[in-house]
Amino acid sequence: MKLMEGKVSLVTGASRGIGKGVAMKLAEHGSDIAFTYLSSDEKAKEVEDELKAFGVKAKGYKSNAADYTAAEELIKNVLADFEKVDAVVNNAGITRDGLLMRMTEENWDEVMNTNLKSVYNVTKHIQRSMLKQRSGSIINMSSIVGVRGNAGQSNYAASKAGIIGFTKSIAQELGSRNIRCNAIAPGFIATEMTGELGEEVMQEWLKAVPLNRAGTTEDVANAVLYLASDLSSYVSGQTLSVCGAMLT
Ligand code: NDP
């Protein structure tokens, strides 16, 4: 059964990793896909072609999610190209890890702007069209680090905790118009982002995962599919952990 037939989804940061997995899963379930990326032009073109192979409409937009005006322009273009957006997945994110002692103001600002301000930027500009259509599902990519913190990631943890507060507030603000807003808190998912950590750190993290493996982008994409589709029509304001029981 296809769960997203006739719907349009916008996924930020989908040239690779979790965002790409999410876009593929939603397309497999019949959704047209608008997606963004920051710099990976070639990869984005490949993703666009892979998405079209599912028989859906797909288009990649080079757009910096951290930039307010760029997000406004993006939503204008997406609505012109696709006419509506039913589901938004605010996924774009970065890390600039370091102990507070060494964390620069730039490290802090870059992470807050890309991870947290981006969620405000995109949600702010899509809300009008969702309000008009009286439906919508917004899914924000947080992290278990946003729930429990992590030494060496105070900027990242703060941005991801901020996303959870934003998510709960928007669920309350827009619920009466049938617009849902939920967060996903992935644990340790194998992508380029975690690949940067090195084998030793990865093995250390994996010891804390009761399901005894790293998560896959598909594990997260399946949770997004649930929250984007009508299967979750009475679920809003929640944070769903996809972490192999790392956080209980
Ligand atoms: P990747 O580094 O593999 O991919 C990041 C994606 O975001 C890329 O498509 C990148 O585009 C895009 N991106 C980065 N900055 C911007 C920006 N300013 N504007 C638009 N797009 C941007 O990350 P993951 O797939 O691992 O992570 C995806 C999300 O999931 C992030 O929010 C991350 O914090 C979260 N997460 C990941 C976990 C993990 O274990 N991997 C665990 C918990 C949460 P480009 O290729 O052009 O640079």
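Under the rule of -39500 (n - 2.57) per DSSP H run of 4 or more residues, summed and divided by the residues of the chain, what mean residue ellipticity at 222 nm is obtained, to the nearest 500 deg cm²/dmol?
Calculated mean residue ellipticity at 222 nm is -13500 deg cm²/dmol.
Just want the answer: with Cβ charges of +1 for Lys and Arg and -1 for Asp and Glu, which residue in ASN182, SER233, VAL145 is farthest toward the dipole's positive end in the chain?
SER233
Using the structure shown, select from LYS45/LYS160; LYS62/LYS117; LYS2/LYS132; LYS62/LYS132; LYS25/LYS52; LYS124/LYS168 the pairs with a Cα to Cα distance greater than 19 angstrom.
Those over the limit are LYS45/LYS160; LYS2/LYS132; LYS62/LYS132.
Which order do the peptides 229-239, 145-155, 111-121 take when ranked by the mean count of other beta-carbon atoms within 10 Å per residue, highest first?
111-121, 145-155, 229-239
I'd like the FRET efficiency for LYS2 and ALA151, computed as 1/(1 + (r/R0)^6) with the beta carbon distance as r and R0 of 30 Å, rounded to 0.05.
Numbers: r = 43 Å, r/R0 = 1.45.
The formula returns an efficiency of 0.10 here.
With a point put 7 Å past each Cα toward its Cβ, work out how far ASN212 is from GLU106 in nm, to one decimal.
Taking the two extended label points, one gets 4.5 nm.
Normalized C-alpha radius of gyration of the chain, against 2.2 N^0.38 Å?
Cα Rg divided by the expected 2.2 N^0.38 Å: 0.95.
Under a crude label model (7 Å from the Cα following the beta-carbon direction), how far is ASP41 from LYS57 in nanometres?
2.5
Please give, to one decimal in nm, the separation of the simple spin-label points placed at ASP81 and ALA245, each 7 Å out from Cα toward the Cβ.
4.3
Quick note: the coordinates plus some simple rules give every number you see, no bench work behind them. Predicted, not measured: the structure shown is a model, and the values here were computed from it. A quick note on method: Cβ atoms are made from the backbone with ideal geometry, for glycine too, and the neighbour counts reach across all protein chains shown.
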